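The values are calculated or read from the model by the stated rules, or taken from the named source; none is laboratory data. Everything numeric here is computed off the predicted structure, so don't read it as measured data. Don't worry about glycine lacking a Cβ; one is built from the backbone with ideal geometry, like all the others, and counts go over all protein chains shown.
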Amino acid sequence: MIQALGASQGIAIGKAFVLPHWEWELPDQKIDVADLAKEFDRLYEGIRRSKTEINRMKTEMDEAVGSEEASIFDAHLAILEDPVFMNEIQGIIQRQYKVAEVAVKEAIDHFVTMFDLLDDEYMKERALDIKDVGNRLLKHLLGVPEIALPEDTQPFVLVVRELSPSQLVHLKPELVLGIVTMVGSPTSHAAIMARAFGIPMLMGVEGKLEQPIATGELLIVDGETGLLQIDPSSETIGRYTEMRKRQTAMKEQLLQLVEVPPVTPDGVHLTLAANISSLKELDAALHNGADGVGLFRTEFLYMDRSRFPTEEEQFETYRAVAQKLKGRTLIIRTLDIGGDKQLDYYELPEEENPFLGFRAIRFSLERKDLFKTQLRAILRASAFGDVRIMYPLITSVDEVREANGVLAEAKKELAYEGIEYRDDVKVGIMIEVPAAVAIADLLAEEASFFSIGTNDLIQFTLAVDRMNEKISHLYEPFHPAILRMIRTVATAAQKRGIPVSVCGEVAGDVNALPIWLGLGIEELSLSAQAILPVKESLLRTKASDSRKLLQGLFRCKTAAEVRALAGQFNAEAALAPGNARPIV
């Protein structure tokens, strides 16, 4: 039994498929000057084969899940065409007279080491892409066979050293029972996506294994407790099988709530919308009864590709989502790039503190040409549904007004061109930084709605980088300061008469539900897998009781006290005779 970090809840029982961590120790082979041309020919042939292979994978992925997910391979192709990467390889061959595979290996090691030294999670993830592409090229130069998934297509537990969102997004969820990684943080984007897909996931196994896990070994992954069982006994298998059956039965029972309105026993409605970044995630959200989309993360349309998406490409995606929602609300967040989300084809400035730097609305207002392209695409999609616009990382009234100025220009252009759009599109803002909280009353006069982005608000308020494993334990959603921040925003919105929602990981925590009900929050935006558990809790939680609970919560001095009181309230609410609990 190994204690790891539970990154995504659920139980998986199945055979391991270990994705090899491509690492080769190559002898430092030299060549003669006369063989330079031959070595360059070998390199170019390897590049050609790698591109052919990547293009084939892209086509297969496009047919299976759509162009958004398949666009990851554009970034891999871009690496093979990157002059800096290629010049490094060619220079080693030409100046040091080394064979092509040694030159490629040295170039990979050089860039990966350089990126790993940077205190930047995005660059560390880009190092993964360089490893993938470089090792694919090495594979062709060395004549190593392709590493394929199990031929019998039986579901498996994926074991991998590290997993980036770009790798996870094109896995077939139906074949992946669970995921085990050697390194990683539960707050990483890969972990967030695993939770969205409902795949149990453990992280941080490195250094805890007596020997490496082998393909075919039976594993039990417990994403809730963080336990990993290798080659478990029949008794252990039986116990976990029963636990999984109970979890599966609970999920099936929860599905009976899909059509049940999200209303408390005392008649308060709470909209349960979804966070999505693709049509595939929308399908999962609708399957779980989402009332709409509270946050469409558009940055994933820009990432893992070789160029900015065109207006037409964006419009087609936004329209498809709007049409699939059939009149339900679609809130599209404008480009939130920067920080840990970078672009392979656009070099953002190197910054000491990228999370506090040139990102989100700041980037959009600097590059108004790109901003207007996105706004035009969103406006055009508004003709096909209840589409709304939301600006990220707002810190001042000036930013809202300047962004609205670009929006007005986009509307004027579309009207002149005779292109249909809705002129009354609602425009809201994300409250993610303490500055926005402090002037929430002023911002409420400029916006149609608020969405409290708890992930960033927590890390900015508590000065905790949630991607930093050393201090991630200080990232505390139930900190009394966070509760007071949210209360300030909710009060300002309600005085102005505009709706306020909450998004982020804590929105899906059932222990936080009485906080939202007590504060009069009107909407939660959740991962697909969190919608039904929150609804089930909502159906047995009175808003009137939640308002009373708030008085006690705001007297708490520590996060532990808040958690204990909220947890006790939830336990008592589940047993109260007057609270409905019709299904489970």
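Annotations for the structure displayed:
- When every residue of region 526-538 is checked against the conditions, none turns out to be β-branched (Val, Ile, Thr) and not assigned by TED's automatic domain parsing to the domain that holds residue 390.
- Conditions (1) modelled with pLDDT of 95 or more; (2) farther than 17 Å from residue 432 by Cβ; (3) not hydrophobic (A, V, I, L, M, F, W, C); number of the one not met by residue 473: (1)
- Among the residues making up region 473-503, those that are surrounded by fewer than 17 Cβ atoms within 10 Å (Cβ to Cβ) and among the small types (Gly, Ala, Ser) are 481, 497.
- Which listed residue is under 20 Å from residue 456 (Cβ atoms) and within 21 Å of the chain's Cα centre (by Cα), from 502, 510: 502
- All positions within region 375-431 that are outside any strand (DSSP E or B), of a type in the set (Val, Ile, Thr) and touching a strand residue (DSSP E or B) at 6+ places or on another chain (Cβ under 9 Å): 378, 394, 400, 425
- Some residue of region 61-78 being at positive phi and at pLDDT below 85: yes
- Residue, farthest from the chain's Cα centre (by Cα), within region 440-461, restricted to residues that are of a type in the set (D, E, K, R) and assigned to a loop (DSSP other than H, G, I, E, B): 445
- Scanning region 18-39 for residues that are out of contact with any helix residue (DSSP H, G or I) (no Cβ under 7 Å at 6 or more places or on another chain) and at pLDDT below 85 yields a total of 12.
- Qualifying residue in region 423-433 (condition: basic (Lys, Arg), touching a residue at least 24 places away in the same chain (Cβ under 8 Å) and either on the phi > 0 side of the Ramachandran plot or in contact with a helix residue (DSSP H, G or I) (Cβ under 9 Å, 6 or more places away or on another chain) (or both)): no
- The set of residues in region 335-385 being β-branched (Val, Ile, Thr) and in contact with a Phe, Trp or Tyr (Cβ under 7 Å, 6 or more places away or on another chain) consists of 337, 361, 378.
- Scanning region 179-189 turns up one or more residues that are assigned to a strand (DSSP E or B), polar (S, T, N, Q) and at pLDDT 75 or above.
- Against the test of being free of Cβ contacts under 8 Å to residues at least 60 places away in the same chain and either surrounded by 23 or more Cβ atoms within 10 Å (Cβ to Cβ) or more than 28 Å from residue 276 (Cα to Cα) (or both), the options 573, 559 yield a single qualifying residue, 573.
- Cβ pairs under 6 Å, 6+ apart, first in region 310-330 and assigned by TED's automatic domain parsing to the domain that holds residue 293 and in contact (Cβ under 8 Å) with a residue 24 or more places away in the chain, second crowded, with 16+ Cβ neighbours inside 10 Å and of a type in the set (Asp, Glu): 329/386
- Taken over region 434-454, the criterion of being surrounded by fewer than 19 Cβ atoms within 10 Å (Cβ to Cβ) and not charged (D, E, K, R) is satisfied by 434, 435, 438, 439, 442, 448.
- Flag if residue 348 is at pLDDT below 95 and either touching a Gly at 6+ places or on another chain (Cβ under 7 Å) or in a helix (DSSP H, G or I) (or both): yes
- Put simply, of 464, 437 the only residue that is under 21 Å from residue 356 (Cβ atoms), hydrophobic (A, V, I, L, M, F, W, C) and part of a loop (DSSP other than H, G, I, E, B) is 464.
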